[in-house]
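> Before anything else, here's the structure in question.
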């Protein structure tokens, strides 16, 4: 038996979970879902109804993306995303709080500005830029967010920066964040990221199980 991951390909939370599972080399069964038609098995495991949801072989459920990342890397961390003795976790948690809090709120309003007519999209974009500026500052000092080695912080944040950049790609290409762009281009173009963005059929009950072997070719 292997862990089962309920996922939605484009969800940034699910992407970060898949990145950690992939790099850890842990085989798992991927169950791609449709958000408008969530499978009963997923809802039984995690009634909150959001992805990702990881069901471990012993039945324990991990349904927060950060917790899935930490679980996977604590099993096996070949690229040292956690740092020596988990040394990156404290700093990564600070970056994560900013990403998952105010930045994610601004991202949602920026991406779906028509749902938030109180302000123009540029207002919400400017709110999100506060975090972009923070990341650009970190990348002034190092190649990656926490140092010259890739860490859990980079891969936890990357899917959300990708989504923000995708709202207005031309604006992002011309924005005053060159180091952030280079960082994003490098990581999105990596074999690891490409491997977790492959398309798979929607899971239909017991049919079409997709087992991901883990690791990067």
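The values are calculated or read from the model by the stated rules, or taken from the named source; none is laboratory data. Note that this is a predicted model, so its numbers are computed, not measured. So basically every Cβ, Gly included, is an ideal-geometry build from the backbone, and we count neighbours across all protein chains shown.
> Please enumerate the residues belonging to segment 80-136 that are more than 18 Å from the chain's Cα centre (by Cα) and in a loop (DSSP other than H, G, I, E, B).
83, 87, 112, 116, 117, 118, 119, 120
> What is the number of the single condition among (1) in contact with a strand residue (DSSP E or B) (Cβ under 6 Å, 6 or more places away or on another chain); (2) surrounded by fewer than 20 Cβ atoms within 10 Å (Cβ to Cβ) that residue 52 does not meet?
Condition not satisfied by residue 52: (2).
> Being more than 12 Å from residue 161 (Cα to Cα) and buried (at least 18 other Cβ atoms within 10 Å of the Cβ) is the filter here, so list the residues in segment 96-105 that pass it. Can you show your working first?
Taking segment 96-105 as the starting set, the residues that turn out to be more than 12 Å from residue 161 (Cα to Cα) are 96-98, 101-102, 105.
Selection gives 96 alone.
> Continuing with this model, one more query. Any idea how many residues of segment 36-60 are assigned to a loop (DSSP other than H, G, I, E, B), over 17 Å from the mean Cα position of the chain (by Cα) and more than 17 Å from residue 211 (Cβ to Cβ)?
Number of matching residues: 10.
> Filter segment 61-76 down to the residues that are in a loop (DSSP other than H, G, I, E, B) and within 21 Å of residue 12 (Cα to Cα) and list them by number.
Result: 63, 64.
> Then there's this: For residue 23, indicate whether it is assigned by TED's automatic domain parsing to the domain that holds residue 198 and either assigned to a helix (DSSP H, G or I) or in contact (Cβ under 8 Å) with a residue 60 or more places away in the chain (or both). Give the steps one after another, and end with the answer.
Details: assigned by TED's automatic domain parsing to the domain that holds residue 198: yes; either assigned to a helix (DSSP H, G or I) or in contact (Cβ under 8 Å) with a residue 60 or more places away in the chain (or both): yes.
Yes.
> Residue 18: at negative phi, outside any helix (DSSP H, G or I), in contact with a strand residue (DSSP E or B) (Cβ under 9 Å, 6 or more places away or on another chain) and surrounded by 13 or more Cβ atoms within 10 Å (Cβ to Cβ), yes or no? Before the answer, list the steps.
Working: at negative phi: yes; outside any helix (DSSP H, G or I): no; in contact with a strand residue (DSSP E or B) (Cβ under 9 Å, 6 or more places away or on another chain): yes; surrounded by 13 or more Cβ atoms within 10 Å (Cβ to Cβ): yes.
So residue 18 does not fit the description; no.
> Something else: Does at least one position in segment 179-201 carry a residue that is over 26 Å from residue 101 (Cα atoms), surrounded by 13 or more Cβ atoms within 10 Å (Cβ to Cβ) and in contact with a strand residue (DSSP E or B) (Cβ under 8 Å, 6 or more places away or on another chain)?
yes
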